[in-house]
1. Based on the Cβ-Cβ distance of residue 80 and residue 52, what FRET efficiency does E = 1/(1 + (r/R0)^6) give at R0 = 41 Å, to the nearest 0.05?
2. Of 39, 60, 76, which is farthest on the positive side of the dipole of the stretch 37-84, counting Cα position, with +1 on Lys and Arg Cβ, -1 on Asp and Glu Cβ, and the Cα centre as origin?
3. Spelling out what I want: for every residue of the stretch 52-60, take phi, set θ = phi - 60°, compute 6.51 cos²θ - 1.76 cosθ + 1.60 (Karplus), and round to whole Hz; glycine and proline get x.
4. Would you please give the FRET efficiency between residue 70 and residue 44, computed as 1/(1 + (r/R0)^6) with r the Cβ-Cβ distance and R0 = 30 Å, to the nearest 0.05?
5. Enumerate the calculated ³J(HN,Hα) couplings along the stretch 40-48 in order (Karplus 6.51 cos²θ - 1.76 cosθ + 1.60, θ = phi - 60°), each rounded to whole Hz, writing x wherever the residue is Gly or Pro.
Amino acid sequence: STANAPEDDAPNRYSRTERTAYGRYSRDANSSGSSLPSNTLEKRIEELERELAKERQENARLMKIAQDKEELIGKLKEEIDLLNR
């Protein structure tokens, strides 16, 4: 049951992040519209690019963890087969 805990937690964490990002976007869009100065838009783009880079890094880390666990599962299955013989 402990192996399922990270899987159960991941969608919840993603949903909160997604809602937070969406809420921030909605506030920015509603409060300022298209009248923002270009330097403000550039700063916002830079901020979003940094956020995207962090999310990609986190995604790569999680993919590596998943790959490592899949490899471990394969090895354990082989070991179980050997023990059953």
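1. Values: r = 41 Å, r/R0 = 1.01.
So the FRET efficiency works out to roughly 0.50.
2. The residue sitting farthest along the positive end of the dipole is 39.
3. Whole-Hz 3J(HN,Hα) from phi for the stretch 52-60: 4, 4, 5, 5, 5, 5, 5, 4, 4.
4. Taking R0 as 30 Å, the efficiency between residue 70 and residue 44 is 0.20.
5. Karplus values, whole Hz, x for Gly and Pro: 5, 5, 5, 5, 5, 4, 4, 4, 5.
Bear in mind these aren't lab numbers, they're just calculated from the coordinates by the rules spelled out. What you see is a predicted model; the values in this text were computed from it and never measured. Glycine gets a Cβ as well: all are built from the backbone with ideal geometry, and neighbour counts include every protein chain shown.
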